[in-house]
Every structure is written in C-alpha cells, then in structure tokens.
1. On a full-extension model of 0.36 nm per residue, what is the gain between Arg240 and Trp273, subtracting their alpha-carbon distance, rounded to one decimal in nm?
2. Mind checking which of Gly90, Ala268, Ile71 is farthest towards the positive end of region 49-280's charge dipole, using Cβ charges of +1 (Lys, Arg) and -1 (Asp, Glu) about the Cα centre?
3. Can you give me the long-range amide H partners of Lys82? Hydrogens built in the peptide plane at 1.01 Å from N, cutoff under 5 Å, separation of 5 or more residues or another chain.
4. Skipping prolines and chain starts, which residues have an amide H placed within reach, meaning under 5 Å, of the one on Val87, given they are 5 or more residues away or on another chain?
5. Which values of log₁₀ I(q)/I(0), to two decimal places, follow from the Debye formula for region 49-280 at q = 0.14 Å⁻¹ with a uniform point scatterer at every Cα?
6. Suppose each label sits 7 Å from its Cα in the direction of the beta carbon; what would the Leu265-Asp97 distance come out to in nanometres?
7. Any idea which of Phe127, Ala173, Asn186 is furthest toward the positive side of the dipole for region 113-199, if Lys and Arg beta-carbons carry +1 and Asp and Glu beta-carbons -1?
8. From the phi of every residue in region 68-83, what ³J(HN,Hα) in whole Hz does the Karplus formula 6.51 cos²θ - 1.76 cosθ + 1.60 yield, where θ is phi - 60° and glycine or proline is x?
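Each reported figure results from applying straightforward, stated rules to the coordinates on display, with no laboratory input. Remember, it's a predicted structure, so these values are computed and weren't measured experimentally. Here Cβ is always computed from backbone atoms with ideal geometry, including for glycine, and neighbour counts include all displayed protein chains.
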Amino acid sequence: MLEPDPCLEKSPACPQCGARRGPSPAPTLEQLRQWFTEPIARRLGLYHIPPDLRISVVMPVYNEVASVEEILRRVREVPIAKEVIVVDDGSTDGTRDRLAALEGQPDLRIVYHPRNQGKGAALRTGFAHATGDIVLVQDADLEYDPIQYPLLIQPIVEGVADVVYGSRFAAGAPHRVLYFWHSVANRFLTMVSNAVTDLNLTDMETCYKVFRRDVIQQIAPTLKEKGFGIEVELTAKVARRRCRIFEIGISYFGRTYKEGKKIGLIDAFHALWCIVRYGLAD
C-alpha cells in the first residue's frame, strides 16, 4: 500500500523566499466568466450580475408551515443582493409563528394580512413594498427552485426584456411528473389567453413572473383580482402595455393535493372568466 507523500500535504512555498503560502482563494464569478469565455459561461449558468443590482422577492404565504422556513433559506442563499417581502395571507396553521421568529432580519420584511384574501391580494401588498430594481414572484412551497434566479433575471439585466416568465412546459430542466388533467388545463388556459392577448406563451399560469420594478409598480394599482385570477390579469396587462416579454424554461417540482396543493377546478373556470374580462378592458 502506498504511503501518502508528506510533501503534498504541506502548503506550497514561494520559489524565491521559501515562505509557505496559504490556500488560493476561490475564483470569483467574474473570473470564471473570463476563464471560460462568454458563450461557455452562459451555458454553465455563470451569468453576469451587476454589483449594484438588487432584486425584490415577493412571496405570498398561506398555511405553508412545513415549507416556509426552507424556501426562505433557499431564497436567501441565492448570491444576488435582495430583499424578501413575505406577505402572510391570514395563515392559521402555525406559519405566522414561524415567520414571527424570523422578524428583525435586515433582508426580510414580513407583512401580515388579518384574514385570508387570496394570492392576488397578497401580491398587490408585496408589490407596493418592493424597492429593488427587479421584482420576482416566489411561491412559499418548494415547487419552484430559487437557484434559477440568475437565469430568470438575465434578459432584464441585459436590457432586452421588461417581463420574464419561467415556463414549466418549455423546460429542459427536470420536473416532477404529476396530474395529466392539470397539464391539459394549464395548456388550454394558456392557449385561450394567448388568443386574446396575441402572445405565444407556453405557461401563463406559472408562479415565476419577473418584472422591471417600474413596470410592475405602474400595473400594481390597477390590479383587481384577489385570488389565482391574478395570473391572467397580470398577463393581460403586460400584453396590453406592449411590454417586452421573454419566456425561459425552468425546473418544476410539483406537489400533490395531499402535500398541500391548493389550486382546483373552480380556479380554472374563474381563470376563463378573467381571460375574457381583462381581454376586453384594463
């Protein structure tokens, strides 16, 4: 059996003075981008993030006691300067207690609705508090992975987009295989929405909607939907304002109803009504 070479276990020495040197620092993101060159860096997901960029992550929360702390940990680990705006929409399962224990942290702002009003109402509250250059919607479950933020914001960073949708159906990344009829309903609603808005989205109902702050704060005062109809309303209103919209494939880790999924058949029928309603007028 070969013995380890003790020389390899020592720190490298300076060839001129003989002094031992410590371990080399890890390369920065910009150094990696220079080494790999731009095309390869982009393929590896090493995107340029301006040092002065700050994003606002708006997170509506309702009865997510099992996942809220983990999703917040994942969001805050993303290496982009950010503020996280959590809007608890009247949770009754202990979520509020978990959030109360996190209050006072400088990058985290928590707003409490006294009663449950719906995702749309929670988003309106969050949008009103956003101060970052880019505003991104994040659900409080674990279906959408925050590690994809650098990819999602890139079209806005590069100045080619005003709004970015993360599509579960244009994804080369992994996604959990679940309900067939949910997939059919999502694609159908997207198709009908596209027919009204003249867009060619593949996933109108996605959680991951990313906006330039000036765009969403112009739209936010006009928002009316309190529930899941907010997805349709937002889409109609960015289309009406001729925003430059990009779509990026994302990974998706869907959950079952037993695991806490909330959207149902009645929401699909309401979405159809919203497509007509907001297709006709703002």
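1. 10.1 nm
2. Checking the options against the dipole of region 49-280, the answer is Ala268.
3. Ile55
4. Residues meeting the amide H criterion: Met59, Val61, Val111.
5. -0.87
6. It is 3.6 nm.
7. About the Cα centre, the residue reaching furthest to the positive side is Asn186.
8. Karplus values, whole Hz, x for Gly and Pro: 5, 5, 5, 5, 5, 4, 5, 4, 6, 7, 5, x, 9, 4, 7, 10.
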